[in-house]
1. What pairs come up if the first residue lies in segment A:75-94 and is closer than 30 Å to A:LEU144 by Cβ, the second is assigned to a loop (DSSP other than H, G, I, E, B), and their beta carbons are under 6 Å apart, counting only those six or more places apart or on different chains?
2. All but one of (1) of a type in the set (Gly, Ala, Ser); (2) in a loop (DSSP other than H, G, I, E, B); (3) modelled with pLDDT of 80 or more hold for B:ALA102; state the number of the condition that does not hold.
3. Would you check which residues across segment A:102-124 are modelled with pLDDT under 80 and more than 10 Å from chain B (Cβ to nearest Cβ) and list them?
4. Residue under question is A:GLU200, and the condition is that it be over 21 Å from the mean Cα position of the chain (by Cα) and away from chain C (no Cβ under 13 Å); does it hold?
5. Which condition breaks for A:VAL99 when tested against (1) modelled with pLDDT under 80; (2) within 14 Å of chain D (Cβ to nearest Cβ)?
6. Please count how many residues of segment C:164-205 are at the interface with chain A (Cβ under 9 Å from one of its Cβ atoms) and of a type in the set (D, E, K, R).
7. Residue check: is B:PHE190 out of contact with any helix residue (DSSP H, G or I) (no Cβ under 8 Å at 6 or more places or on another chain) and of a type in the set (Phe, Trp, Tyr)?
8. May I ask you to verify whether B:LYS210 is farther than 18 Å from B:ALA163 by Cα, in contact with a Phe, Trp or Tyr (Cβ under 7 Å, 6 or more places away or on another chain) and at pLDDT 85 or above?
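The values are calculated or read from the model by the stated rules, or taken from the named source; none is laboratory data. Remember, predicted model here, so these are calculated numbers, not experimental data. Cβ placement follows ideal geometry from the backbone for every residue including glycine, while neighbour counts extend to all protein chains displayed.
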Amino acid sequence: MDYFVEILLIALSASIINNFIFYYFVGICPFVGVSKKVEMAFGMGCAVTFVMSIAAFLSWSITVFVLIPGAPVSTFIAGFFTTPEAAAQIDLTVLSYIVYIFTIASSVQFVEMYVRRFFPPLYRSFGVFLPLITTNCAILFACLTIMSHVAGVDNPKAVWDLGKAMTLALFGGLGFTIAIVIMAGIREELELCDVPKPFEGAAITLVIGGILAIAFMGFTGVDSGVKEALTPSPQVSQAVVHGERVALLDIKDNNIQGVRMP
Amino acid sequence: MMISLGIAGASMLVMAVIFSYILGWANKKFKVDVDPKIEAVIEALPGANCGGCGYLGCSDYAIAIVTDNDPVNKCTVGGAACAQQIADIMGVDVGDMVPMHAIVHCNAPLSSRLGLTQYMGEQRCASAQQVADVQACTFGCLGFGDCVQACNYDAIHIVDGLARVDYETCIGCGACAKVCPRNIISIEGFREAAIPVVACSNKDKAKDAKAACKNACVACKACTKVSDLFTISDNLSKCNYDDYSAQKREEAMKAIEKCPTGCIHFVGTQVK
Amino acid sequence: MADQPTALERFVQGILPENPVYRQLLGLCPTLAVTNGMKPALTMAVSVAFVLVCANVVISLIRNLLKPHLRIVVFTLTIATFVTVADRVLAAYMFQMSKTLGPYIPLIIVNCLIICRCEVCASKQNVITAAADGLGQAIGFGLALASIAAVREILGTGMLMGFRVLPACWPDWVVMVLPPGAFITLGLLLGLVNYIDDKREQARK
Amino acid sequence: MSLKNSNLAQAWLVLLLATLFGTALAGIQAKLGPVIEANKVKETMAKIPVLVLGEDLAAELADDNQTLTIKSRVVEVKKNGITKFYTVYDAWLPEGKVVGHVVKADGQGYADKIELLVGIDAQGERITGLFVLDQKETPGLGAKILEHAWRGQFKEKSTAKHLSVVKGGGVEEDEIDAISGATISSKSVTGIVNSAVADVVSHLDVPAGPENNKIPAVQNKEPGKNSKNKERS
């Protein structure tokens, strides 16, 4: 039950509350550039979500298995050269940025070749976006968030497992798609309005993006509300039970468990 | 300390080897056998993706040329030079290089339009198109100049509420045709300096057409009787530009006289 | 290709005529993210300058060994290395600033500005031009960041780098420091720059 | 085999660069790593004297440049099914007397996680200080929890009572005056303090310092549940 709540919270916050575009400002270049037509925007959104999930999977597994100190692969290799516990101290997190960008670039290239070979119509429709995606900040940002939850965490319990990493990637991509499709819809209507000459193109898109960001700010606090609603938090209330002040810790299924108060 | 340097270098090397191996393998395995001719044709095309040739972009046009050998001279921007280049690549003769120009299928200045209402909205054809009965004719030119704004060769102007093409400068890139909300501008090949055109697109019955405009085509078949250049389809006559040539000039002149509402004109350069 | 612009031309172009943010609309992600204060904006500008110049120099050194289809991978690798160096140096010597900038330092890697400069200039021209181009673009980027950060910080908190600019009775526009403020400020400034440009064009015509 | 060396041959530049950069970065990490580590630890350790002793005593201590000996341990608390982790820093005066403890706790704030350092006195009766390590509350509103005045309210609050948040003045013994316009942030900080204090108060007993060597020096104490759990009177 607790795991499901965490997954739901991550999904909610990645897609709507801390939306990648409106809260974290990643992926603005396609947001300004590609959001002219709704189909193009939707195609771009799907491509980004797809590549983001692959990148998240690869970066999670490489971080857990190679990069963090005490990771199985690095201790195994280091085991040959030094004493075992020194091997456990080998810390390769400094390589994380190169490794992530390398995996992203290679996976985008691989996906592009694969789609070109087996789905030519699909390739023609969003082929032009694929190279653009490599330099898309949203994908690297997703990998960095996953890394900060895997490598930068002191107590072992809070390390993210693969399920949470993939949820972040999928719903982050979903949030990205929502934002870019909304903007594409607005910009299509914009063709008919009288936009002042200096504001045409990117300037008006950014101003509208600002207004959309204010709208999305309305969602802040939703996750803390959902968390409160879903976690069965015990009501710590006090009662006097035969002369002694008892903190009622658990009043579920009406047997009063109490702990003697100091 | 040395160990961590060695491990870092080694793991990067291993990762690089794995990824470049996968990419190399994918490069071989997923080799899409793109016909080298297509790449050559793409190379010859200007690559502006302007859509003047009527295809989605240069690569589409190139594929069309190579696979179902479409005419090589459709690229308006590239003009004769690029058509010649592609012809050499394809080993096909260029065929008569036909200059492409825009034609506005409406010849009603404001004075001859009926049922005009005072339109106070946004002075753009795209917006006026959304509003009902700005003028009685729901097919004809609105005259707010979206095409003028779209054209970057300054080859089309609004004269007395009607879009007029300047055939000296028009290269037929199709920007105006794309932007006209009523789609009454078409890009046609001019076999002669001047060709006859039915400058109307009103598809209503004769009675409504007359109520909408003084010189609308009422599909009275006068032109079709006189010359086989013209055909009637859903209450509107249309000239077949491809098989017009200088010899058929008298035929066309006769049709112009016969036409009761005078909506057939000669357009192009040196209109006598 | 037309003759390659010289080092000085590249340098001057980078600052105003081809300003990366206002003219080419590159590198918008960090521009919006870190400009809620002047100090983070300047630190980001300096780190981008460092990475941009080093990457340009290295790429132009190895430009004739580049294979066309592996070009992007080599660019990203070099840029990623220099960004990691910058990130570690910042974390070591300006720890507080590295905490405020947080994830946006590594995001310099995918900053379209740097990869674009590598592609357009560094992989084609010699070292000096590449370095000059990098410096010019970096100064242009810094100017753009400073302009946005100034507007946002003054309107948002009434202070600039610690000095009180607006009178204390100024109600702080908190939205300016929040994410939406970044969008609106950049949008309006972009409009302003276009407007000034049109005016200058008409004046020249 | 030809396939292998042909595409690897093409990519020799990538391989060379990858290894070169990998080793270079490892070198830089080796040089800068400890400095960064020191920064991280310093950031929390520097706060402990102020939290435990209060500004004036800490300043006085700093003048005659004595330092507290500080050790950190992780306390695991099981509460209705959820296990929570707290890092607790115990501080000893140079002459060995336990002077207080600092609990590092985090919880859900209005916008995102809030990380706090809660100072508690040696006996675990009074809260001696509060410091906000990390927060992403709305600047200008929620971010006011950083202000010294508001944080000061937690000083001298008893750990036994459950602190509650009150709006608009009239602050009794165990009440905290909420920041106007940021009740959710104030509530979440107070909630985190309450749950941290309630969870950790029973695990605060730490043997006295090395001086009155009743217990051998506690240098090599591994983090984890501390051994003695004296039943408090």
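1. Qualifying pairs under 6 Å: A:ALA78/A:ILE90; A:ALA88/A:GLY70; A:GLN89/A:PRO69; A:ASP91/A:PRO69; A:THR93/A:ALA151.
2. (2)
3. A:PHE119, A:PRO121, A:LEU122
4. Numbers: over 21 Å from the mean Cα position of the chain (by Cα): yes; away from chain C (no Cβ under 13 Å): no.
Taking the combined requirement at face value, the residue does not satisfy it.
5. All conditions pass for A:VAL99, except number (1).
6. Start the filter on segment C:164-205 by keeping residues that are at the interface with chain A (Cβ under 9 Å from one of its Cβ atoms), which leaves C:175, C:178-198.
Now restrict to residues that are of a type in the set (D, E, K, R): C:197-198.
Residues meeting the conditions: 2.
7. Details: out of contact with any helix residue (DSSP H, G or I) (no Cβ under 8 Å at 6 or more places or on another chain): yes; of a type in the set (Phe, Trp, Tyr): yes.
For B:PHE190, the condition - out of contact with any helix residue (DSSP H, G or I) (no Cβ under 8 Å at 6 or more places or on another chain) and of a type in the set (Phe, Trp, Tyr) - is met.
8. Values: farther than 18 Å from B:ALA163 by Cα: yes; in contact with a Phe, Trp or Tyr (Cβ under 7 Å, 6 or more places away or on another chain): no; at pLDDT 85 or above: yes.
For B:LYS210, the condition - farther than 18 Å from B:ALA163 by Cα, in contact with a Phe, Trp or Tyr (Cβ under 7 Å, 6 or more places away or on another chain) and at pLDDT 85 or above - is not met.
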